[in-house]
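Trainee: What follows is a single structure, and I will ask about it in a moment.
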């Protein structure tokens, strides 16, 4: 049986973040950009979501990593397309570090 309710990609992404963070308020860190404007609109409409604006991609990556370290919950970074390709490499490295730490702590439990 199919449902008549429709959901867009932005809503699906935010619902996944809320499920993973499992907190009264979910946080996303990053630099504003037009590449994910629909996601930002959905975040603004959802009182459970908070977008923390940073001045630089690496700052957002460090904030998300700190969020993960302090809460144990998923740290999310959103950056726009375009310049600062080297900054995005740092974000991928931090994401890999967070993934490795989560895997290690899960294996030890």
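Readers should treat all values here as calculations from the given coordinates under stated rules, not as data from a laboratory. Nothing here was measured: the structure is a model prediction, and the numbers come from that model. Cβ atoms come from the backbone with ideal geometry, glycine included; neighbour counts cover every protein chain shown.
Trainee: Does anything in the range 5-28 have its amide N under 12 Å from the 7 Å Cα→Cβ label point of residue 41, and if so which residues?
Mentor: 8-11
Trainee: Then there is this: Determine, from the Cβ-Cβ distance of residue 55 and residue 5 and an R0 of 41 Å, the FRET efficiency 1/(1 + (r/R0)^6), rounded to the nearest 0.05.
Mentor: Computed FRET efficiency for residue 55 and residue 5: 0.60.
Trainee: How would you rank 67, 16, 62, going from fewest to most other Cβ atoms within 10 Å of each one's own Cβ? Don't skip to the end; give the middle numbers.
Mentor: Details: 67 21, 16 12, 62 18.
So the residues, fewest neighbours to most, are 16, 62, 67.
Trainee: Would you mind ranking 56, 65 so that the residue whose beta carbon has the fewest other beta carbons within 10 Å leads the list? Intermediate values should be presented prior to the final figure.
Mentor: Values: 56 13, 65 20.
In order of increasing Cβ crowding within 10 Å: 56, 65.
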